[in-house]
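The values are calculated or read from the model by the stated rules, or taken from the named source; none is laboratory data. As the structure is a prediction and not an experimental result, all values here were calculated from the model. Ideal geometry is used to build each Cβ from the backbone, glycine not excepted, and the neighbour counts take in all protein chains shown.
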Amino acid sequence: CSESDLGPISLNWFEELSAEAPP
Amino acid sequence: EVAEQLTPVLLDGLREETLQLVSKLKDPSSCCPVDVSTVWWDGAGCRELCVVTAAESSVSLWKPLAPDSWGKVYTWQLGEIPVIQIIPLPDMCNLVCIALGDLEIAEIRLLLYSSENDSFKQSLVKTGNIKAVLGLKDRRLVSSSRTVQEQQVEIVTFSETGRSKDGQTLMPPEETVLALAEVEGMRDALVGTTALNSIVVWNVKTGQLLKKMHVGYSYPASICHRAYSDSGLLFVALSHPHAKESKSCGNPPFRVVAFNPKTARSVGVTFSSLPPGHAGRQGDVQDTWAAAVLSSGAVAVWDLLLGQCTALLPPGPAGSWVLARWATTGACLLAGRRDGTVCLYRY
């Protein structure tokens with residue numbers, strides 16, 4: 001898998017999405 | 001002769017992994033098993049891995065007597081609603097969770113032993129129009145249920161004695177959730193697949209719905225079995241009961257798809273194809289292994305990371321296989337025949 005297929009990858013996706021999602 | 005009939009057939013060019021028959025049990029009073037699973041049970045001062053078999057109107061607990069023999073400990077008789085499924089609760093002891101219903105799950109019950117009054121009991125956990133249910137680590141049970149107006153996704157935590165301690169509601173997506181799966185190595189993450197073929201991701205600690213990602217139109221009605229987070233990607237093991245056969249990857253009963261949860265983009269990682277000449281499936285996934293009963297009456301086992309079928313149990317003269325389930329612990333496959341025989345294989 002590469003970033004060109006999947007877009008920018010973040011190792012902290014879970015924490016970042018939790019910070020962005022409505023409570 | 002029997003041993004020969006039960007010897008798994010390894011497919012050409014595959015690894016040496018195989019299934020070794022460990023033991024088998026037969027319930028003379030039961031025919032056509034509905035489901036089979038394992039459960040830890042305390043007895044005579046030690047904790048043993050016991051086998052649970054479910055028939056339409058009863059559930060039996062079996063404990064090991066000798067390396068290759070099993071004795072029935074108790075049979076719970078259920079009411080008029082048929083048993084559909086045993087729901088494994090990975091780290092619970094002395095407790096079996098079952099789903100009952102007709103086409104859909106109408107009830108979830110606990111079957112347990114109460115040391116307080118030295119008796120086997122059953123208790124009702126939940127009723128409703130339940131679409132999906134999954135046992136999680138740390139004595140938790142998550143279920144999705146639907147009324148005409150709304151969908152509810154709820155986690156119940158049990159005490160060691162099987163009492164419901166507290167419940168937590170997760171934010172439901174608009175689409176109906178039809179399957180749920182744990183994310184290995186991430187206690188607070190949970191994934192589900194929906195009726196419109198999306199993957200949804202929750203934070204179970206906060207109840208937030210974090211992301212909805214479409215699986216793609218080539219594989220409708222995908223069912224999630226297991227997920228793994230690695231290197232910033234979410235790898236999801238999916239099965240596709242209604243996938244059409246394609247030239248590039250045949251008719252894959254299981255796929256592992258990598259999702260980038262930040263962008264919702266995805267790519268297929270592995271396709272696990274059916275053995276040549278076989279069709280149909282009903283599957284179960286544990287860790288990175290999948291097993292399924294094929295319409296030929298055989299059981300196939302795949303390594304999902306390799307995307308390869310590693311073993312095949314052919315139907316023997318004793319009858320077709322009707323069930324294939326992984327034990328809750330270790331690499332142990334439970335395979336059931338229509339006549340009520342359950343064979344335990346080490347994988």
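Name the residue that is farthest from B:ALA300 (Cα to Cα), counting only residues in segment B:227-242 that are part of a strand (DSSP E or B) and more than 9 Å from every other protein chain (Cβ to nearest Cβ).
Checking each candidate, the answer is B:ASP230.
Annotation for segment B:151-174: at least one member residue is surrounded by fewer than 17 Cβ atoms within 10 Å (Cβ to Cβ), polar (S, T, N, Q) and part of a loop (DSSP other than H, G, I, E, B).
Filtering segment A:10-23 to residues that are within 7 Å of another protein chain (Cβ to nearest Cβ), outside any helix (DSSP H, G or I) and at pLDDT 95 or above leaves A:SER10, A:LEU11. Considering B:LEU304, B:LEU294, the condition of being buried (at least 16 other Cβ atoms within 10 Å of the Cβ), touching a residue at least 60 places away in the same chain (Cβ under 8 Å) and of a type outside the set (Asp, Glu) is satisfied by B:LEU304 alone. Does B:ASP102 meet the test of being modelled with pLDDT under 90 and either under 18 Å from the mean Cα position of the chain (by Cα) or over 20 Å from B:THR193 (Cα atoms) (or both)? No. Taken over segment B:254-273, the criterion of being under 15 Å from A:PHE14 (Cα atoms), out of contact with any helix residue (DSSP H, G or I) (no Cβ under 7 Å at 6 or more places or on another chain) and not in a strand (DSSP E or B) is satisfied by B:ALA264 alone. When restricted to residues that are hydrophobic (A, V, I, L, M, F, W, C), closer than 26 Å to B:SER145 by Cβ, in contact (Cβ under 8 Å) with a residue 24 or more places away in the chain and surrounded by fewer than 21 Cβ atoms within 10 Å (Cβ to Cβ), segment B:85-111 contains 2.
Restricting to segment B:201-215, name every residue that is within 13 Å of another protein chain (Cβ to nearest Cβ) and closer than 19 Å to B:SER273 by Cα. Reasoning before the result, please.
Taking segment B:201-215 first, the residues within 13 Å of another protein chain (Cβ to nearest Cβ) are B:201-213.
Scanning segment B:201-215 gives no hits.
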